[in-house]
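Have a look at the structure below, then the notes.
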Amino acid sequence: MKIDLLVIAAHPDDAELTSGGTLLKMAAAGYHTGILDLTRGETGTRGTPEIRLREAAAAAKILSLRVRRNLELPDARLRVCDEYKAAIAQVIRELEPRTVIVPYWEERHPDHYTASALAYEACFIAGLKNFGLKGQPFRPSKILYSTAWCDVRPTFAVDITPYYESRRRAILVYQSQFRPRPKDRQSRVHIPLDDLEERMGLQTRNYGRMIGVRYAEGYIVKEVMQVDDVVKMPVRSL
C-alpha cells in the first residue's frame, strides 16, 4: 500500500499528541495517511506493550489511517545504527510517502531526538540503490519536524480547528497513559503524562493564535518555503 503522509514516532501516542489533527485533516482531504511507531513503549511506567498496541489500533481508526505499523525496536534504548535505520528505510520504500513528519531534533526524551535522527537518515538511505534493502529506491520529497514538544517557533502551522475534538478523542483512547488508576500515579519520579494532554491542548491553542485560528499544529522545515502569490497569503501581519 502506498501512502501520501507518514508520521514516524518513538512511542504509541506520540503521533496523536504532535500531529493528530494534521493526520485527520489530510485524510479528510483524500490523502492516504499512516503512522510508524518505532517502539511499543514497554519501559514506560504505565500500561503494558499489549495494552498500548490495542490503544494504538483504536486511535488509528479515529484518525482514519490507512496503515499503522510498529517496528518493536527497544524502548528507551533507541540508538542511531544501521540496523534500525534499515528497518525504517524498508518501510519507507514499501509505503513511498511523499511527506514524512518526524520529531524535532532537540527534545527532552532521548527516544524522541534519536527517532528524529533515525527517521531522517532512513529517509535518505531509502533512496540509495546499493544499500542492501529490498524493493526499488525511494526517497520522500519533504520532511517536516513537529515542534509540539519544544519551545521553538514553528516555520508554519496547520489549522486543525475542525478536527480538534477528534484529535482529542484519539489521544484519550490511551487510557493507560492519560487516565491512570490512582495507584499508577504513585511514583517518586515526576511523570509529565499527568498534565500532558492538557498541556498539548494549550500548545495547539498557542499555535492557533499565531495564525489567527482556534487550534493549530506547528512544524519546522529546514528549507526556504516557496510562495507563489504574495497577495493571497492567509496570515495577517497587522
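Placing unit charges on the Cβ atoms of the charged side chains and taking the dipole of the chain about its Cα centre, the candidate lying farthest along the positive direction among Thr155, Phe178, Ala9 is Phe178.
Rounded to the nearest 20, the Cβ-based charge dipole of region 1-83 about its Cα centre (Lys and Arg +1, Asp and Glu -1) stands at 260 debye. Pairs of lysines 8 or more apart, or on different chains, with alpha carbons under 29 Å: count those in region 5-220, would you? Lysine pairs meeting both conditions in region 5-220 amount to 10. For Glu42, nonlocal amide neighbours, meaning residues 5 or more places apart or on other chains whose placed amide H falls under 5 Å from its own, are Asp75. DSSP beta bridges fully contained in the chain are about 25 percent antiparallel.
Take every Cα pair under 8 Å in the chain that's 6+ residues apart, average their separations, divide by the length, and report that relative contact order as a whole percent. All intermediate terms of the calculation are to be shown ahead of the outcome.
Values: 419 pairs, mean separation 54.3, N = 238.
Rounded, it is 23 percent for the chain.
Overall, the anisotropy analysis places region 1-158 in the rounded class: the square-rooted eigenvalues a ≥ b ≥ c of its C-alpha gyration tensor yield a/c less than 1.5. Within the chain, helices built from complete DSSP H runs that reach 15 Å or longer along their own axis (Cα positions) and carry a mean Kyte-Doolittle hydropathy of -0.5 or higher are 14-28, 49-62, 82-95, 110-125. Can you find, among Ala89, Leu36, Gly21, the residue sitting farthest towards the positive end of the charge dipole of region 7-97, where Lys and Arg contribute +1 and Asp and Glu -1 at Cβ? So the residue furthest toward the plus end is Gly21.
The numbers here are math on the coordinates, done by the rules we state, and not lab data. Since we're looking at a predicted model, the values are computed, not measured. Cβ coordinates were reconstructed from backbone atoms using ideal geometry, including for glycine residues, and neighbour counts include every protein chain displayed.
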